[in-house]
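Below: the structure, in C-alpha cells.
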Amino acid sequence: MSNKSKCTWLFTLLITCSAALGQGDPDTIDKIIDEGKNNSKVWDHLTYLSEEIGVRLTGSTRKMQANTWMRDMFRDFGLSNVHLDKWGEIAVRFDRGPSYAKMVSPTTRDFEFTTRAWGAGTDGPVRGKVIKQPVSLGDIEAMQGELEGAWVLTKQPARRRRRRGGGGGGGAEGRGDREAAREQRQQITQALKDAGIAGRIFGARSDLVITSSVRGWRDLDYNDLPSDVEIIISRIDYDTMNSRIADGEEVEFEADLQNNFAQGPFPVFNTIAEIPGTEWPEQVVIVSGHLDSWDGPGSTATQDNGTGSCVTLEAARILMAAGAKPKRTIRFILWGGEEQGLLGSRAYVKALSNEEKANISVVLVDDGGTNYEGGVSCIASQEPMLAAAIAPVQEAFPDLPMELDIREKMSRFGGSDHAPFVKQGIPGFFWMESGSGGREGKNYRFIHHTQHDTLRYAVPEYLVQSSVCAAVTAYNLACADTLLPREVKEEELVAEAQPEEPWDTTIGPVSGKWSAHMTSENAPDATFTFTLEMSTDGRVRGSVDSEFVDGKISNTSFDPATNKIKFTLSSNMGEIVYQATVSGEEITGKLGIEDAFSSDFIAKRVKEENIAEALDATGDSGVSEVSEGTTNLEEGAKAAEAESEAGTETKESDKKKKDDDGQ
C-alpha cells in the first residue's frame, strides 16, 4: 500500500460518479463554492476575533466573550440548536491586563516577555536593580543588603544531553546529583523569596517567547494564589542585561504585570450550532476547531486557533447562505480547554452514549495555523468517500493541491481535539495544512504559542480555501449513502493474541503499571501511564496510554546489570524514544522525538495488591487501562508537524436543546 495517494486522477473520476457514492447535490455544491470564493467573510471574522476580542485563555473573561460572540453569529446565520455547552468549571479566573517589562537603566529598552498564565503579577510598576542569581546559600547570605527589591536574573537549568547508547538516567550517582542540584535550587529560590526580591527574570531559549501555565492551575485556591513573580524574556533581551552586568554596569529593570484573579467557580463552555439533517438527523458530521488560546503579551491568538475557529464559523455561514439541506446533521463545535489538554473535547466524548458515538460519521478539526486544508490521512476503506467529498474543492482551487495520505491504521497522533474521538473508534481527522506557512516567510513554529501570533502573518486566500473545503466536505459526507467506514480492530486483536514467539510471563524489575509525568523546565503539567510485562527470557513488552498518543511499544531492551530500559512508541511525528533507569518503585529518564521535543520524566509504580494481579489485569497483550491523565508530548511538537511535507493529520452530546434566551 502506498504511503501517499496523490488523488488528482481519482478526483476527476469521482466527480463523475459522486452520485453513486451519494454525495451532495451538484447545484448546491456550486452555490457553496461561489459563496465561499466570491463573498467570503472569513477575514472579517478573524479580524474581529483577533483585534476586538484577542487572546482567549480557558476560563477568562475574553474566552467567555468569544463564546457568546460565536454563539450570536451562529444565530444570526440562522443555524439551529445554538447553545453554550458546559464541559466543566475552574476555581479561579485569570485575566491578563495591559503589561510591560523593560530595562530602564543604563538605557531604555522595551522587552518581549511573558509570564505563565495563572502566575503572579505585580501591584503596579515595580522598578529595581538587576543582579545575577547567587549560586549558593552562602552568596545569598553575603548579599542580604542588596537583595530586597531587586530583580534576579536567573539562568535556565541546562538541558541534559542524551548520551549515545546510554539510558538517559545516568545511574544512581547521576540521579543523586540531579536530585541534589534540584534541592539546592529550591533552597536558593526560597532564600531569595525570604530576602524580599521583586522577582526573577528568566531568558527564553530563543527569541521566541512561549507562554504556558503554572502547574496545578485548575485546582488553585483563591486564598492561596501564586506569589512568586517570574518573568520570561527573549534570549536577546536576556543577553543584553547579562552582558552589561558582566561589563560592570548597573542595570535597572521595571515591570508592570496586571495579572488579575477572580474567585470562582466559573463554568467553561464549548460553543455548538447545527444544520439539522433532512433524512438522518440523528447522524452527525462534526466541523470544529478550538476557540481557546494561550494569552501571552503581544499575541492576538490569530493562528492558534483563531484561523480554525473562523474557518468553522465561515463554513456554517456559507452553507446557510447556499441553502444547503444535508441529509445528516452538520454540527459545528468550537472547543474550549484544548491548550490545557483537550479538556472540552474529552468531556464531550465522555458524555456521549454508545448510540451517539455510533451515529457520528466523521469529526473534522482545523488547528494548524494559516495554511489551507490540504487533505487528511486515512485508511484505505475511507479513501473513495473522502476523495469524492473533497474533489469539488480540488477543482475549484487547482493551484492549491490536495491529497489523501493512505495508511494501514488510523493515526494515533493526539495533538488536537480529534484525538478523543479516535480513541473511541470514531473517524477523526486533523486537516493537513499545506502552503507557505505564513506571510513574510514566517511559519507555524514562529507563531505557535509565541508573541508573534497575530494577523500580520495570516494568509487570507488560504482561509478562503479552508472555509470552502470545510463546507463542501462536510456537506458531501452528510449526504453520502453511508457513514464513513471505521477502522476494523478485530484483526489487530487477533494478531496481538498470537505472538510470534512463545511468551512465558514472569515478575521482574519493570513489571506492572507505572504512572509518569514530565519534569523538565517548561514541560507540560501532564501525566501518562505505561504498562510493562517481562518474560522469563528477559524480553519486555507493553504499552503507553494517554489521551494524546497511545499504542504498543517496540524496540524494547532491559539490562538487569545496569537497570537501564529503553523502548519506542510509534507516532505520527516519528518514533518517541524512552530511555530510563529503574530503581525499585521508580523509573527516571528521558523521552523525546528527535529534532522536535524532549523532556525528562519520572514514573512510579502503581500500587496494586500485588504485581501478579496487575499483570493479569492487562492480559497477554500488555495493554494498559485508559489513563485518566494526559501527556502533551506531541503538543510540544505540533508546530514542527504542521510544517512537514505531509502536514498534520490532521466533542457531551446534544441531548437537550437550549432555549435561545438561555446560555
Among the helices (runs of 4 or more DSSP H) contained in segment 432-514, which hold 3 or more residues that are modelled with pLDDT of 95 or more and over 17 Å from Gly306 (Cβ atoms)?
-> 460-479
Might you check whether a residue that is more than 13 Å from Gly542 (Cβ to Cβ), at pLDDT below 90 and open to solvent by less than 40 Å² (accessible area, probe 1.4 Å) occurs anywhere in segment 613-626?
-> no
Among the numbered criteria (1) surrounded by fewer than 24 Cβ atoms within 10 Å (Cβ to Cβ); (2) of a type outside the set (Asp, Glu); (3) on the phi > 0 side of the Ramachandran plot, which single criterion is violated by Lys442?
-> (3)
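Can you give me the number of residues within segment 168-188 that are modelled with pLDDT under 65 and surrounded by 11 or more Cβ atoms within 10 Å (Cβ to Cβ)? Give the derivation first.
Of all residues in segment 168-188, those modelled with pLDDT under 65 come to 168-175.
Now restrict to residues that are surrounded by 11 or more Cβ atoms within 10 Å (Cβ to Cβ): 168-172, 174-175.
So the count comes out to 7.
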Segment 103-115: number of residues that are touching an Asp or Glu at 6+ places or on another chain (Cβ under 7 Å) and either closer than 13 Å to Pro297 by Cα or small (Gly, Ala, Ser) (or both) = 4
How many residues are out of contact with any Leu (no Cβ under 8 Å at 6 or more places or on another chain) and either farther than 30 Å from Ile587 by Cα or aromatic (Phe, Trp, Tyr) (or both) if we restrict to segment 175-202?
-> 5
Condition met for Ser554 (modelled with pLDDT under 95 and open to solvent by less than 30 Å² (accessible area, probe 1.4 Å)) | no
From (1) within 30 Å of Glu501 (Cβ to Cβ); (2) modelled with pLDDT of 85 or more; (3) in a strand (DSSP E or B), pick out the condition that doesn't hold for Asp537.
-> (3)
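The values are calculated or read from the model by the stated rules, or taken from the named source; none is laboratory data. Being a predicted model, the structure only gives us computed values, none of them experimental. Please note: Cβ atoms are built from the backbone with ideal geometry, for glycine as well, and neighbour counts cover all protein chains shown. The area values use the complete protein model at the heavy-atom level, side chains included, leaving out ligands, DNA and RNA. Shrake-Rupley method; radii C 1.70, N 1.55, O 1.52, S 1.80 Å.
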